[in-house]
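Report on one structure; see the data block that follows.
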Amino acid sequence: MGNLNCNAASCMHNCDNQCCLNSICVEGSLACQCDETCCSDYEHQKHGSTNMCHIPKDSLTISCQATNCIYNTNKKCDADHVDISGIKAVTENDTVCTTFQARG
């Protein structure tokens with residue numbers, strides 16, 4: 001389980017830069033750099049809707065399709081801390097796993 005910080009405030013699952021889901025999936029099976037990844041669980045909060053978040057998770061399971069990342073072990077992220085960036089996100093493709101580091 002990883003500690004997650006997410007600045008995609010427009011996501012329905014975000015509460016105070018934390019995620020309320022029990023798990024997320026990072027996409028990017030062909031990624032060679034972080035901007036080729038994204039959080040597939042991002043859901044844009046529509047204008048006037050309330051955040052679906054009830055209780056932010058201190059840590060959660062992170063599945064990861066970015067097999068070229070040094071933190072990917074059998075499609076699970078084993079980084080102690082993960083940062084998802086998406087300050088102006090409208091779709092999942094506007095998010096990025098900034099913790100991604102390509103294998104040497």
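In table form, for the structure just shown:
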| item | result |
| --- | --- |
| Sequence-distant residues sharing a close amide H with C15 (under 5 Å, placed H) | C20 |
| Built amide H within the under 5 Å cut-off of Y71, gap 5+ | Q101 |
| 13 Å beta-carbon shell around A102, net charge (K/R +1, D/E -1) | -1 |
| Options C34, F100, C64, ranked by Cα towards positive dipole end of the chain, top entry (Cβ charges) | C64 |
| Sorted by Cβ density within 10 Å, fewest first, the residues D41, D94 | D94, D41 |
| Per-residue HN-Hα couplings for the stretch 96-104 [Karplus 6.51, -1.76, 1.60; θ = phi - 60°; Hz; x = Gly/Pro] | 9, 8, 6, 7, 3, 9, 5, 5, x |
| Close Lys-Lys pairs in the chain, where close means Cα under 23 Å and separation is 8 or more or interchain | 5 |
| Only Lys, Arg (+1) and Asp, Glu (-1) charged, at Cβ; the chain dipole about Cα centre in debye | 120 debye |
| Sequence of V26, V90 once ranked by neighbouring C-beta atoms within 10 Å, starting from the fewest | V90, V26 |
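Every number here is computed from the coordinates shown, using simple stated rules; none is lab data. In this text, all values refer to a predicted model and were calculated from it rather than measured experimentally. Don't worry about glycine lacking a Cβ; one is built from the backbone with ideal geometry, like all the others, and counts go over all protein chains shown.
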